[in-house]
Amino acid sequence: MAVPKRKMSRSRTRHRKAQWLRTAAPTNANCKRCKAPVRPHTVCGTCGAYGGRTVLEVE
């Protein structure tokens, strides 16, 4: 197993860990039927459509 030869400094460790906070905002698409914002590859919560056809009955 590989073992580090030198101790990694705090600034170097924190500089690497700071990249975890830089996540991209979730992308949104528009529903083809009702034009509501929806996450890609998910059923629309407003009208229940997916792929241009009704999948869920929404009340």
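Only the coordinates and a few stated rules stand behind these numbers; no lab work does. Because the structure is predicted, anything quoted here is derived from the model rather than measured. Note that we place each Cβ from the backbone using ideal geometry, even for glycine, and neighbour counts take in every protein chain shown.
Listed values, structure above:
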item	result
Residue match in segment 40-57 (condition: of a type in the set (K, R) and part of a loop (DSSP other than H, G, I, E, B))	no
Odd one out for G45 among (1) among the small types (G, A, S); (2) exposed (fewer than 10 other Cβ atoms within 10 Å of the Cβ); (3) under 25 Å from the mean Cα position of the chain (by Cα)	(2)
Single residue of segment 16-37 satisfying the filter (part of a loop (DSSP other than H, G, I, E, B) and of a type in the set (S, T, N, Q)) that is farthest from A49 (Cα to Cα)	T23
Sole exception among (1) touching a residue at least 12 places away in the same chain (Cβ under 8 Å); (2) in contact with a Gly (Cβ under 8 Å, 6 or more places away or on another chain); (3) surrounded by fewer than 10 Cβ atoms within 10 Å (Cβ to Cβ) for V55, by number	(3)
